[in-house]
Amino acid sequence: MNTMNRFFRAAAFTAALTFAAAGAHAATLQFKADLKASSEVPPKNSAGTGTLTATLNTDTHVLRYHIVFSGLTGPVIAAHFHGPAAEGENAGPQIPIKGSPITSPIHGRATLTPAQEQDLEGGKWYFNLHTKANPGGEIRGQIHKVE
C-alpha cells in the first residue's frame, strides 16, 4: 500500500508540474506603430514623431505598452488607443492614457475585452497624440502585429 501511495503522489506531482508548465507558456503577441503627422486623418504639418511598442498576453488579456515621442507643436493634451478603424479611417477612443501632464515616455497596461483583442490583432487599432494646435490628433500610427 505504501508503494501504491507513493505512486499516486508522484503521479499527482507530475500532473501538477505539467499543468503549471502549460500555463506558463501563454501566448504573447508583439505590436508596433510608427507615429507621424502624415498618418493623421487628415494629415497634419508637424515635425513630431514617435514609436509605440506593445505586448498582449492572450491568457490574461493584458496589453502592456511603451510609447516614446518628440518634436510636437506643444504639450500633449490627450492620448488614446482608437478603434476599430482601418488605416486612413477615424474611430472613437478605446483606451485613454491617464495622467497630467502626458510626457514621453508613456508606460502602461490595460485589460482588453475579447472584441478589443480581436480588433487589435486584426490591425484595426491606432494610437494618436493630441495637442492644443492639433486637438484632433497631431501624430498617429496604425498598430500592427509583429510577426
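Derivation of every value follows stated rules applied to the coordinates shown; laboratory data play no part. These figures come from a predicted structure and were not determined experimentally. Every residue, glycine among them, receives a Cβ derived from its backbone with ideal geometry; neighbour counts consider all protein chains shown.
Mean sequence separation of contacting Cα pairs (under 8 Å, at least six apart), scaled by the length of region 26-146, corresponds to a relative contact order of 34 percent.
With r as the distance between the Cβ atoms of Thr113 and Ser38 and R0 = 35 Å, compute the FRET efficiency 1/(1 + (r/R0)^6) and round to 0.05.
0.70
Taking 0.36 nm per residue of separation and subtracting the current Cα-Cα distance, fully stretching the chain between Asn57 and Gln30 would add 8.8 nm. Each label point was placed 7 Å from the Cα along the Cα-to-Cβ direction; for Thr49 and Glu147 their separation is 2.5 nm.
Cα-based values for region 30-91, radius of gyration first and Dmax second, are 13.1, 41 Å. If the limit is 19 Å between Cα atoms, which of Lys98/Lys124; Lys36/Lys98; Lys44/Lys132; Lys44/Lys98; Lys98/Lys132; Lys98/Lys145 go over it? Distance filter (> 19 Å) returns Lys98/Lys124; Lys36/Lys98; Lys44/Lys98; Lys98/Lys145. Of the three principal axes defined by the Cα atoms of region 26-146, the extents in descending order read 41, 27, 22 Å. Charge tally around Thr73: other residues with Cβ under 15 Å, Lys/Arg +1 each, Asp/Glu -1 each, net +2.
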